[in-house]
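Student: One structure is given below, represented as structure tokens, and several questions about it will come after.
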Amino acid sequence: MTQFFLESNYPNLIKMTRLLKKKYLGHRETIHNFTWRALQIFGKQGITFFIFLLCAKLLTPYEFGIYNYILAVIFLLIIFGDFGISTATSKYVAEYNATDSNKLKLILFNSLIIILALGTILTMLTIVFGSYFLNEKYVYVLYVLPMLFLAPISSLYDGIFRGLKRFRELAIISLFIGFISIFFVYLLVKNYGLTGALISQSLFYLVLVVALFLKYGKINVRFDKQVLKSIFKYSLVIGFTSVAYFLYTKVDLIILGQYGHIEEIGYYEIVNKIFELIKLPTLIIANVLAPTITEYYSKKQYSIVKNKFKRHMFYSFYLGVFLSISLYFIMPYIIEFFFKEYFIRETIYIFNLLLLILPLRIVGTIVGQAHTIATGNAHFSLWTMIPAGIANLFFDIIFIGYYGFIGVVYSTIICFSFAIISFIILYNLKLNKLMQGI
């Protein structure tokens, strides 16, 4: 009776409800995975941002600049400690899960071998030579050295869970660890200042790794040369790409520190953190889409991959344009609320300049994570990011001499735009070539 009444009086509402239900059923797995992945990402990144907020409020601007400078250094080392292993693992987990269950069981152990070896080498090099490069800041790096092992291992487990589409478990673990970590993070930062903030980073990753280890269960301890070789070979491409990406993002902080712009590091990193949060939803979508794109690509269904590539690219670009326009008007109020001490002309100017490339950031995240990396074409990013990264380092040094600290922002805009547009063109050409070969 109720159904008849609704159909008689609200036919458009009924049609819309049925359409939405049909869409939901057709994309149910993606919607559920996205929801859990969103919870997982925000659980992990939320605590990181919470630490960042605490440091911004409890540390002096100079100490806050040192904090971000040290993290830039350690994350550069982490890039070499991971060197694309975790991302390559996610790709091979999705592939082996669809094609070879025996190899799937061997991925974790063989990936850990590489990560532990790289972490050990980097730790020894840092202890021996770190003081020569970092001078009085060297002691602060020692507090975050455990991250050379913990951060890559947590990313490795993350990649395995993602490849298996176990997004729900990842979300629950990350949220639980995030909530219990808030208490010790606050106490460490409040009582020990800069030292406590750095230690809290290592402690957070330690707790997260232990939780992921317990949840995943037994490791199949068996060395397999072929599996290790496949993962390491592909990780090299991603690793060099990560280094190149660092050269036109985080290297700006190191350059600012070398030229004595310590407080400006804080301004710049506040803006970077805001953009990272803005980009998170598209990163989550990309992670959820990636295993499906890998399956289509491995089955040589290139026309489906091409159609999805076009749709993902255009939708993400339009989203980026909308966000840029909206954030131009509302973000000053948000910065004033959360970072009142840093609500100055320089911070707003940096933010507005980087809004110009936000649409490309969104597109680059979707295409890079869900397509080029997921289909084994990460080398396209490498080919474009290496020259862009080197150019950014070169332009940073030149522009900072002419324009002061804001020169690093000009350099980033130029080099980032070149890299993203170039690798999208290369990936599109590759898909066209594959479709013509069918």
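The values are calculated or read from the model by the stated rules, or taken from the named source; none is laboratory data. Keep in mind it's a predicted model, so treat the numbers as computed, not measured. Here the Cβ is made from the backbone with ideal geometry for all residues, glycine too, and neighbour counts use every protein chain on show.
Student: What is the residue count in segment 205-222 for residues that are in contact (Cβ under 8 Å) with a residue 60 or more places away in the chain and either more than 27 Å from Asn68 (Cβ to Cβ) or crowded, with 21+ Cβ neighbours inside 10 Å (or both)? Talk me through it step by step, then tell me what you get.
Tutor: First, pick out the residues of segment 205-222 that are in contact (Cβ under 8 Å) with a residue 60 or more places away in the chain: 206, 208, 216, 219-222.
Pick out the ones that are also either more than 27 Å from Asn68 (Cβ to Cβ) or crowded, with 21+ Cβ neighbours inside 10 Å (or both) and you get 208, 216, 219-222.
Residues in segment 205-222 being in contact (Cβ under 8 Å) with a residue 60 or more places away in the chain and either more than 27 Å from Asn68 (Cβ to Cβ) or crowded, with 21+ Cβ neighbours inside 10 Å (or both): 6 in total.
Student: Please report, ordered by residue number, the helices (runs of 4 or more DSSP H) entirely within segment 60-125 with at least 1 residues that are β-branched (Val, Ile, Thr) and touching a helix residue (DSSP H, G or I) at 6+ places or on another chain (Cβ under 9 Å).
Tutor: On the way: elements: 61-82, 85-99, 101-104.
In segment 60-125, the matching helices (runs of 4 or more DSSP H) lie at 61-82, 85-99.
Student: Of the residues Leu187, Leu277, Leu253, which is assigned by TED's automatic domain parsing to the domain that holds Gly65 and either aliphatic (A, V, I, L, M) or outside any helix (DSSP H, G or I) (or both)?
Tutor: Within the list Leu187, Leu277, Leu253, the selection yields Leu187.
Student: Oh, and also: Only one of these conditions is not met by Thr292: (1) β-branched (Val, Ile, Thr); (2) buried (at least 19 other Cβ atoms within 10 Å of the Cβ); (3) more than 24 Å from the chain's Cα centre (by Cα). Which number is it?
Tutor: Here Thr292 meets the rest and fails (3).
Student: Residues of segment 289-309 being of a type in the set (D, E, K, R) and either at pLDDT 85 or above or assigned to a helix (DSSP H, G or I) (or both), which ones? Steps first, answer last, please.
Tutor: Residues of segment 289-309 of a type in the set (D, E, K, R): 295, 299-300, 306, 308.
Matches in segment 289-309: Glu295, Lys306, Lys308.
Student: Does any residue of segment 132-139 turn out to be at pLDDT below 85, among the β-branched types (Val, Ile, Thr) and assigned to a helix (DSSP H, G or I)?
Tutor: Step one: filter segment 132-139 for residues at pLDDT below 85, giving 132-137.
Now restrict to residues that are among the β-branched types (Val, Ile, Thr): none.
No, segment 132-139 has no match at all.
Student: Sticking with this one: Kindly list, by first and then second residue, each pair from a residue in segment 129-141 that is more than 16 Å from Leu71 (Cβ to Cβ) to a residue that is of a type in the set (A, V, I, L, M, F, W, C), limited to pairs with Cβ atoms under 8 Å and residues at least 6 apart or on different chains.
Tutor: Qualifying pairs under 8 Å: none.
Student: Name the single residue that is farthest from Ser417 (Cα to Cα) among those in segment 223-272 being surrounded by 18 or more Cβ atoms within 10 Å (Cβ to Cβ) and aromatic (Phe, Trp, Tyr).
Tutor: Going through the qualifying residues, I end up with Phe232.
Student: If Leu393 passes every condition in (1) over 24 Å from Ile270 (Cβ atoms); (2) at pLDDT below 90; (3) part of a helix (DSSP H, G or I); (4) in contact with a Ser or Thr (Cβ under 9 Å, 6 or more places away or on another chain) but one, which one does it miss?
Tutor: (1)
Student: Here is a follow-up. Restricting to segment 102-126, name every residue that is modelled with pLDDT of 85 or more and out of contact with any Leu (no Cβ under 8 Å at 6 or more places or on another chain).
Tutor: Result: Leu116, Ala117, Leu118, Thr120, Ile121, Met124, Leu125.
Student: Something else now. Would you check which residues across segment 209-234 are over 19 Å from Leu175 (Cα atoms), in a helix (DSSP H, G or I) and of a type outside the set (A, V, I, L, M, F, W, C) and list them?
Tutor: Lys225, Gln226, Lys229, Ser230, Lys233, Tyr234
Student: Right, another one. Using the structure shown, decide if Val237 is assigned to a helix (DSSP H, G or I), at pLDDT below 75 and either within 24 Å of Val73 (Cα to Cα) or not assigned by TED's automatic domain parsing to the domain that holds Val288 (or both).
Tutor: Details: assigned to a helix (DSSP H, G or I): yes; at pLDDT below 75: yes; either within 24 Å of Val73 (Cα to Cα) or not assigned by TED's automatic domain parsing to the domain that holds Val288 (or both): yes.
The answer is yes for Val237.
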